[in-house]
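What follows is calculated from the coordinates using simple rules that are stated; it is not laboratory data. These numbers were taken from a predicted model, which means no experiment stands behind them. As a convention, Cβ positions derive from the backbone with ideal geometry for all residues, glycine included, and neighbour counts pool all protein chains shown.
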Amino acid sequence: MHTTPPTARATLATLTLLLLMLSAIAPAAERPLTTVGELDVQRYLGQWHQIALLPNWFQRQCVADTSAQYSLKPDGTIRVLNRCRRKDGSFTQAEGVARRNKAHDSPAILQVRFAPAFLSALPMVWGDYWVIALAEDYSVALVGAPDREYLWLLARTPALDDATYARYVDIAQEQGFDVSALVRE
């Protein structure tokens, strides 16, 4: 009969425990993105100012004064009007539509489309818009995508105090976003 020496058993038990602990602590970017539990669309409508973002290709021309205006359409979708200032001082805007993502049970998981309406049936024209943090009074929102490629910090006012900004950046980091790439407007 072959027996394992006590020190080998202890080493094996320690390694097994360590592997179990490490597998339980998955990097935040590998965990599912969590959203706010409730989203009252009526309270969410209106003007939002971009405070910070992870840079993306479709906003590359924007240098300042970026905002979004949300309004309810008769069919229950949300009209999205994004606007920003270009380097030459002129403004540009894009109109789109947002809808609840029916693949998820959460009202905070939306999709947005800026492509023409006739392309709506194509899944690739819809982008993720997940509300991952929201002030109780709907004054600040953190919006991202589950792949962590997109992130926006929005507020009802054009600026946020440093403490509030830091609190929402911490939430983004806890959710697995690369906040080192975040650009504050």
The exposure ranking of Ser71, Ser139, fewest beta-carbon neighbours within 10 Å first, is Ser71, Ser139
Fully extended, how many nm does the chain gain between Asp88 and Asp161 (0.36 nm per residue separation, minus their Cα-Cα distance)?
-> 23.5 nm
How much net charge surrounds Asp161 when only the other residues with a Cβ under 13 Å from the Cβ of Asp161 are counted, with Lys and Arg +1 and Asp and Glu -1?
-> +1
